[in-house]
Amino acid sequence: MNDFAHTVLVVGSGAGGAMAAYELTRQGHKVLLLEAGRHYDPTTETPMFRPNGDAPLMGASTPDKDFGFYDSTVGGGWEVPDEPYTTAEGTEFLWWRARMLGGRTNHWGRYALRFSEHDFKAKSRDGLGADWPFEYDEIAPWYDKTEALVGVCGTNTGLDDMPPSSDGVLQPAPTPRIPELLIAAAAKKHGIEAAPMHRAILTRALDQRAPCFWATPCGYGCSIGAAFQTTTSLLPMAQATGHLRVITDAMVKTVTTDAGGQVTGVTYIDKKSGSERQVDAKVVVLAASACETARILLNSKTERHPAGLANSSGQVGRNLMDSTGAGLSALVPALMDRPRYNEDGHTANHLFIPWWGHQAHADKELDFPRGYHFELGGRFAEPGAYVSGDLQGYGTALKQQVRAHYGAYVHFALRGEMLPNDDCYMDIDPSVTDKWGIPVPRFHWKWSEHELKQVEHGLKTAKAILETMGATVGELPAAEEAIKKGGEIIHEVGTTRMGDSPEDSVTNQWGQTWDCPNLFVMDGGVFASNPHKNCTLTIMTLAMRNSAWLADQLKAGAL
């Protein structure tokens with residue numbers, strides 16, 4: 001290690017960690033990156049071209065492969081061998097991890113929506129939660145840079161929930177599918193607009209990455225680099241500078257400090273040998289994911305930091321948020337028995353329904369404070385391991401029904417904003433450790449009335465649009481039954497949130513911890529709120545912006 005002489009140590013190779021490594025190495029700083037999972041090369045390991053005949057259960061999920069045989073996650077899921085976590089009595093919470101180089105970017109849906117000024121300053125309007133410590137205009141240029149680097153397809157819509165990208169940044173959006181156009185027409189009758197989804201999928205070549213040719217579902221991973229993941233983009237670019245060194249199978253245990261309380265490096269477990277190792281650094285960047293970063297900090301107790309490192313505010317582990325999730329599907333008679341044709345494209349929705357209710361919130365017409373969007377499903381796709389619908393009979397008659405229903409179901413997936421509350425947080429279990437003796441997280445969770453009323457509104461809205469399309473929906477489930485479990489949407493954020501004051505936040509606007517100037521957080525933990533949009537684009541944007549600031553501080557000798 002001594003022959004490398006790194007300046008910055010980054011923990012985590014996912015969205016935040018890889019972006020930090022990219023920006024810092026691009027500016028000439030040497031970075032040592034530790035990844036808890038194994039090495040992963042999507043150009044040789046992706047399952048995207050495996051034939052269906054290789055898929056047990058037609059690719060249905062199994063206990064050791066939550067998203068099915070084809071999911072690219074090779075070392076993780078809701079449960080990870082040797083790495084337990086616990087939940088408090090009465091709590092249901094799921095913690096997704098991807099123990100592999102590139103982390104969750106190998107798995108995510110690639111939804112890439114910008115947060116807006118509404119999202120960054122929501123507390124200023126309704127008094128709930130927390131504002132972010134900067135304005136949208138300050139981060140907009142960094143969104144442009146991130147979208148251009150990552151490759152995001154979409155369209156500027158003019159809708160108030162979708163801030164525009166600068167001219168030439170977005171790649172062309174794919175053509176909407178017939179079911180999506182039918183939904184859009186029905187929604188418009190209710191005064192609700194549909195719009196092209198912004199997604200980190202290349203529709204034009206970028207750098208060494210090829211454009212998508214609509215081959216296989218994006219969840220399989222992408223050997224050609226069209227579907228963004230750090231293993232085919234940021235990490236290779238950072239390594240090309242000669243300033244990045246990566247160590248995999250390195251499970252960080254604690255951040256170490258000196259007698260003055262400043263950070264000196266980390267201890268980690270070499271998972272291949274089981275031995276504990278120490279590595280020093282001038283600056284440490286934690287980007288291990290919101291809950292893993294909080295776990296490391298809470299486990300880094302010292303006499304000077306008795307409640308855990310960077311936790312003088314008591315906020316590490318607090319403000320844990322996920323997105324709300326619920327779904328509603330129905331058979332649309334107008335879509336039955338369609339002529340067969342190709343509805344390929346990138347494999348998620350090409351259109352979606354952004355939140356339309358900011359004015360209704362301002363006019364206090366709604367009984368819940370924060371918005372949601374609908375991700376739309378429905379098309380001719382490869383068959384799964386089941387047949388939808390209440391079909392009757394067998395033989396030829398059953399086949400005719402299946403054929404008639406193929407491509408005629410549409411689905412509304414609600415993703416909504418959750419407000420932080422005192423019942424949702426993580427701490428360290430006092431008696432449970434993982435295989436290497438590291439204390440594990442314990443989760444506490446309870447949805448509030450804000451989220452339940454939001455989901456209730458969303459289900460009623462989806463039903464109204466479906467019925468306008470001619471579908472029969474039936475009685476809706478109660479929101480308490482329909483809402484997904486905490487953590488199930490895999491958007492957990494907020495455990496080390498940023499703010500204007502060390503009294504009620506863990507970091508400043510640059511992700512720099514208030515307590516230790518040479519310790520930074522660059523994952524979703526720093527989120528001050530959790531708008532309804534997927535968090536990954538904003539994690540990368542903040543990591544690029546804050547790493548650029550960190551690089552300047554290092555050049556100026558301020559750190």
Please work out if Glu303 is at pLDDT below 95 and in the same structural domain as Val440 (by the TED database).
-> yes
Mind listing whichever residues of the stretch 537-559 are under 19 Å from Pro420 (Cα atoms) and either open to solvent by 10 Å² or more (accessible area, probe 1.4 Å) or of a type in the set (Gly, Ala, Ser) (or both)?
-> Ile539
Those residues that are under 14 Å from the mean Cα position of the chain (by Cα) and not in a loop (DSSP other than H, G, I, E, B), I need them from the stretch 509-535; list them, please.
-> Gly524, Gly525, Val526, Asn530
Can you name the residue in the stretch 457-469 that is surrounded by 18 or more Cβ atoms within 10 Å (Cβ to Cβ) and in contact with a Leu (Cβ under 8 Å, 6 or more places away or on another chain) and is also farthest from Gly371 (Cα to Cα) among such residues?
-> Met469
Could you list, in sequence order, the residues of the stretch 427-439 that are farther than 30 Å from Asp131 by Cα and of a type in the set (A, V, I, L, M, F, W, C)?
-> Val432, Trp436, Ile438
Quick one: what pairs do we get from the stretch 438-461, first residue without any contact (Cβ under 8 Å) to a residue 60 or more places away in the chain and of a type in the set (S, T, N, Q), second open to solvent by 50 Å² or more (accessible area, probe 1.4 Å) and not in a helix (DSSP H, G or I), C-beta under 9 Å, 6+ apart or different chains?
-> Ser448/Asp423
Are any residues in the stretch 34-74 at pLDDT 85 or above, in a helix (DSSP H, G or I) and crowded, with 19+ Cβ neighbours inside 10 Å, and if so, which ones?
-> Pro42
Quick one: Arg497 ticks every box in (1) within 21 Å of the chain's Cα centre (by Cα); (2) farther than 30 Å from Met251 by Cα bar one, so which box is it?
-> (2)
Thr175 in contact with a Gly (Cβ under 8 Å, 6 or more places away or on another chain), in a loop (DSSP other than H, G, I, E, B), polar (S, T, N, Q) and not assigned by the TED database to the domain that holds Glu35 | yes
Do you know which residues across the stretch 71-100 are of a type in the set (S, T, N, Q) and either outside the structural domain of Ile296 (by the TED database) or farther than 23 Å from Tyr40 by Cα (or both)?
-> Thr86, Thr87, Thr91
Is there any pair with a first residue in the stretch 414-426 that is over 14 Å from Leu128 (Cβ atoms) and a second that is in a loop (DSSP other than H, G, I, E, B) and open to solvent by 30 Å² or more (accessible area, probe 1.4 Å) whose Cβ atoms are under 6 Å apart and which are 6 or more apart or on different chains, and what are they?
-> Asp423/Lys446; Tyr425/Arg318
Restricting attention to the stretch 91-129, report how many residues are farther than 29 Å from Gln171 by Cα, touching a helix residue (DSSP H, G or I) at 6+ places or on another chain (Cβ under 8 Å) and open to solvent by 20 Å² or more (accessible area, probe 1.4 Å).
-> 4
When you go through (1) under 22 Å from the mean Cα position of the chain (by Cα); (2) open to solvent by 30 Å² or more (accessible area, probe 1.4 Å); (3) closer than 30 Å to Pro333 by Cβ one by one for Ala148, which number turns out not to apply?
-> (3)
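The values are calculated or read from the model by the stated rules, or taken from the named source; none is laboratory data. Because the structure is a prediction, the values reported are computed rather than measured. Note that we place each Cβ from the backbone using ideal geometry, even for glycine, and neighbour counts take in every protein chain shown. In case anyone asks, the SASA skips ligands and DNA or RNA and just uses the protein heavy atoms, side chains included. Shrake-Rupley method; radii C 1.70, N 1.55, O 1.52, S 1.80 Å.
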